[in-house]
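Notes to accompany the following structure.
The values are calculated or read from the model by the stated rules, or taken from the named source; none is laboratory data. The structure displayed is predicted, hence computed values, not measured ones. FYI the Cβ positions are ideal-geometry reconstructions off the backbone, even for glycines, and counts take in every protein chain you see. Ligands, DNA and RNA are stripped out before the accessible areas are found, and what is left, the full protein with its side chains, is counted by its heavy atoms. Shrake-Rupley method; radii C 1.70, N 1.55, O 1.52, S 1.80 Å.
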2 protein chains.
Amino acid sequence: MTATASRPTDPLIPLIEAELIRSVGSGEDLLETACLDALFPGGKLLRPTLCMESARAVGGRAESVLSFAAAIECLHVASLVHDDIVDQDPVRRGRASTAERFGIAEALLVGDGLFTTGWAAMLRGGPADRVLAASRAIVEAVHAMCRASMREIEIREDLACGRSAVLEVIRGKTAALTGAACRAGAILAGATPEQIDALHHYGEQLGMAFQIRDDLLPYTADDALTGKSAVSDVANRQPTLPVLLAYESADDHDRRHLTEIFHGNVDLTTAHRDLLDVLARTGAITEAARQARACAARARAALDGLSATGRLAWLADSAADRHQ
Amino acid sequence: MTATASRPTDPLIPLIEAELIRSVGSGEDLLETACLDALFPGGKLLRPTLCMESARAVGGRAESVLSFAAAIECLHVASLVHDDIVDQDPVRRGRASTAERFGIAEALLVGDGLFTTGWAAMLRGGPADRVLAASRAIVEAVHAMCRASMREIEIREDLACGRSAVLEVIRGKTAALTGAACRAGAILAGATPEQIDALHHYGEQLGMAFQIRDDLLPYTADDALTGKSAVSDVANRQPTLPVLLAYESADDHDRRHLTEIFHGNVDLTTAHRDLLDVLARTGAITEAARQARACAARARAALDGLSATGRLAWLADSAADRHQ
């Protein structure tokens with residue numbers, strides 16, 4: 001995911017970046033060097049931002065959950081580094097992936113190192129009961145990510161897996177952690193159970209919206225915006241929501257064509273162009289965009305009754321319109 | 001490591017195995033199935049045994065830390081699954097490694113899944129302050145494991161890295177977690193700071209002893225005992241303590257020969273036979289065995305003043321004599 005996470009002037013970003021360096025170390029050995037290389041230049045720091053803004057939304061200080069928030073980014077980047085091994089993807093954020101730069105064995109250990117750096121930073125603070133409850137939420141989410149990644153391997157090339165399987169993958173791979181990041185921020189700030197659940201729901205729906213938008217990018221934008229190749233879904237033979245929606249409403253001829261594309265019988269550039277045609281013809285792009293907007297609207301609605309939600313609301317609005 | 005962890009009649013083993021299944025799940029999906037395949041048939045369950053026996057040694061009930069103890073085994077097996085990807089090792093515990101059976105991408109996710117299963121189980125219990133302190137000890141140890149694995153890659157083929165580099169790897173890859181397992185058990189059972197430190201020291205020294213013994217196995221036993229090929233160190237070009245000790249005390253001719261072997265210019269079977277000769281000639285096997293016994297003796301001594309340490313003492317004795 002490469003979500004538009006925050007306005008350029010977000011003052012939390014440099015705080016989070018400094019905290020990330022503090023957690024990982026300054027590059028004393030190969031592990032630290034490669035971990036820093038995976039973290040910087042960073043993404044939009046959506047998950048730590050969500051954690052800190054959620055604390056603020058329930059009356060807490062954003063800075064009081066900084067260390068925990070930065071830890072969530074470590075876990076997120078760890079999962080990206082491992083994902084690029086699983087998908088054999090040479091590109092991440094517009095440059096060579098960690099596996100491509102350092103080797104597969106090294107990238108595996110960078111992922112493991114960032115995971116443990118994250119867990120360690122997470123468990124460092126207090127009070128104990130809140131840290132424990134917040135950490136439980138995060139670990140459940142990271143486990144859901146593993147499960148979803150494995151499910152993704154299972155449905156590779158499988159256009160008949162059904163949209164529920166793909167939505168389940170999106171929920172596990174993205175929405176679980178964005179939801180848990182909000183939940184954790186709320187818990188750490190001493191929120192009520194109702195506030196915690198509302199922010200969790202906000203984070204999940206926001207994550208769904210961003211991920212569905214991201215899955216649309218190969219068909220609606222140029223490569224520059226995602227930093228990934230537009231043809232990578234086809235290259236990985238990974239059915240995404242728009243493709244599944246197209247398959248469900250396609251006629252027999254288009255279904256056969258989609259099947260050929262996803263079994264690698266067509267060269268990548270032709271495949272991508274043909275896929276674009278089928279997706280437009282079947283209305284799949286419009287329908288996926290509609291679903292993303294619906295998730296964003298549910299996220300927005302979940303903020304009712306909370307305070308100081310300016311940035312969270314802005315994020316929901318930007319998820320409704322990916323190019324904002 | 002394939003330590004002789006417990007007497008055959010150890011009543012804790014079936015409890016730990018049942019708890020592992022409870023944590024991982026019964027094989028509902030590919031992730032659970034592959035995680036169970038990595039866990040069973042199990043090893044000697046040294047780390048959970050250490051955790052439970054440490055609780056007992058400070059007057060606690062072993063069963064009260066069962067869930068936390070089983071979680072440590074999940075983390076340990078996760079690291080083994082990832083190690084076999086890093087080392088491209090097709091064999092683990094005498095059968096195909098997870099990477100070999102399920103594929104590299106799947107094995108990576110099995111490792112991640114076992115890690116998160118472990119963290120989740122670890123954070124589930126209470127009281128919060130003890131769980132947090134015990135979990136911190138474990139996460140520090142797992143981070144040390146990552147760092148040591150990366151260091152191991154750095155010193156591959158490097159016979160001049162010095163024995164301190166190899167000892168540092170052994171400490172990180174094995175002793176850190178055996179030490180932390182003991183520390184965690186003691187913390188969870190409400191031990192005094194002195195008891196906690198004593199048991200931590202015991203666990204570290206025991207781990208050092210077992211790992212040095214394990215590194216000696218390719219030169220002192222047949223393959224059956226380790227479940228790994230005797231030639232795998234040579235195949236991986238990974239200098240171990242006995243090899244480093246041999247290199248340090250070898251004459252120029254033997255040094256050149258060791259260098260040739262570790263740069264892959266000699267076929268594996270010849271390399272292993274030649275290595276055995278050099279190791280015996282230089283006294284490296286005797287010296288490594290002496291160091292293992294010294295660690296085991298320090299482990300034994302650390303138990304002074306603790307109670308109900310029967311099995312811990314037996315483990316230290318068995319580490320002094322690997323074939324007991």
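For every residue, the table says whether it meets (1) open to solvent by 30 Å² or more (accessible area, probe 1.4 Å); (2) closer than 26 Å to B:CYS51 by Cα; (3) under 20 Å from the mean Cα position of the chain (by Cα).
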residue: B:ARG237; (1), (2), (3): yes, no, yes
residue: B:THR240; (1), (2), (3): no, no, yes
residue: B:TYR247; (1), (2), (3): yes, no, no
residue: B:HIS257; (1), (2), (3): yes, no, no
residue: B:LEU276; (1), (2), (3): yes, no, no
residue: B:ALA301; (1), (2), (3): yes, yes, no
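Please count how many residues of the stretch A:245-258 are in contact with a Leu (Cβ under 7 Å, 6 or more places away or on another chain) and either more than 14 Å from A:GLY162 (Cβ to Cβ) or of a type in the set (A, V, I, L, M) (or both).
So the first thing to find is which residues in the stretch A:245-258 are in contact with a Leu (Cβ under 7 Å, 6 or more places away or on another chain), and the list is A:246-247, A:250, A:258.
If we keep only those that are either more than 14 Å from A:GLY162 (Cβ to Cβ) or of a type in the set (A, V, I, L, M) (or both) as well, we get A:246, A:250, A:258.
Going through the stretch A:245-258 one residue at a time, the tally reaches 3.
Any idea which residue in the stretch B:195-227 is most open to solvent (accessible area, probe 1.4 Å), counting only those that are of a type in the set (Gly, Ala, Ser) and at pLDDT below 95? Residue satisfying both the conditions and the ranking: B:ALA224. Going through (1) open to solvent by 10 Å² or more (accessible area, probe 1.4 Å); (2) among the β-branched types (Val, Ile, Thr); (3) more than 10 Å from chain A (Cβ to nearest Cβ) one by one, B:ILE72 falls short only on (1).
So is A:PHE68 at pLDDT 95 or above, aromatic (Phe, Trp, Tyr) and within 22 Å of A:ALA191 (Cα to Cα) or not?
Working: at pLDDT 95 or above: yes; aromatic (Phe, Trp, Tyr): yes; within 22 Å of A:ALA191 (Cα to Cα): yes.
Here the answer is yes, as A:PHE68 does meet what is asked.
Close Cβ contacts (under 7 Å, 6 or more residues apart or on different chains) running from residues in the stretch A:75-94 that are without any contact (Cβ under 8 Å) to a residue 24 or more places away in the chain to residues that are of a type in the set (Val, Ile, Thr) comprise A:ASP84/A:THR98.
Give the stretch B:78-97 a look and list any residue that's facing another protein chain (nearest Cβ under 9 Å), more than 20 Å from A:ALA144 (Cα to Cα) and part of a helix (DSSP H, G or I), or say none.
B:ILE85, B:VAL86
Screening B:THR192 against (1) in contact with a helix residue (DSSP H, G or I) (Cβ under 8 Å, 6 or more places away or on another chain); (2) β-branched (Val, Ile, Thr); (3) surrounded by fewer than 24 Cβ atoms within 10 Å (Cβ to Cβ) leaves a single unmet condition, (1). Filter the stretch B:98-131 down to the residues that are closer than 18 Å to B:CYS182 by Cβ and within 9 Å of chain A (Cβ to nearest Cβ) and list them by number. Once the filter is applied, which keeps residues that are closer than 18 Å to B:CYS182 by Cβ and within 9 Å of chain A (Cβ to nearest Cβ), the stretch B:98-131 yields B:MET122, B:ARG130, B:VAL131. Annotation: of all residues in the stretch B:42-60 being assigned to a loop (DSSP other than H, G, I, E, B) and more than 17 Å from the chain's Cα centre (by Cα), the one that is nearest to B:ALA180 (Cα to Cα) is B:VAL58. Can you name every residue in the stretch B:111-135 that is buried (at least 19 other Cβ atoms within 10 Å of the Cβ) and either free of Cβ contacts under 8 Å to residues at least 24 places away in the same chain or closer than 21 Å to A:VAL110 by Cβ (or both)? Of everything in the stretch B:111-135, those that are buried (at least 19 other Cβ atoms within 10 Å of the Cβ) and either free of Cβ contacts under 8 Å to residues at least 24 places away in the same chain or closer than 21 Å to A:VAL110 by Cβ (or both) turn out to be B:GLY111, B:ASP112, B:GLY113, B:LEU114, B:PHE115, B:THR116, B:GLY118, B:TRP119, B:LEU123, B:LEU132. The numbered conditions (1) more than 23 Å from B:SER149 (Cα to Cα); (2) open to solvent by less than 30 Å² (accessible area, probe 1.4 Å); (3) within 14 Å of chain B (Cβ to nearest Cβ) are all true for A:SER67 except (2). Within the stretch B:97-106, if we keep just the residues that are in contact (Cβ under 8 Å) with a residue 60 or more places away in the chain and within 16 Å of B:PHE40 (Cα to Cα), the residue that is most open to solvent (accessible area, probe 1.4 Å) turns out to be B:ARG101. Applying the selection to the stretch B:145-158, what residues are more than 8 Å from chain A (Cβ to nearest Cβ) and open to solvent by 30 Å² or more (accessible area, probe 1.4 Å)? Within the stretch B:145-158, B:GLU152, B:ARG156, B:GLU157, B:ASP158 qualify. For the stretch A:98-153, enumerate the residues that are in a loop (DSSP other than H, G, I, E, B) and more than 18 Å from B:HIS82 (Cβ to Cβ). Across the stretch A:98-153, the qualifying residues are A:GLY125, A:GLY126, A:PRO127.
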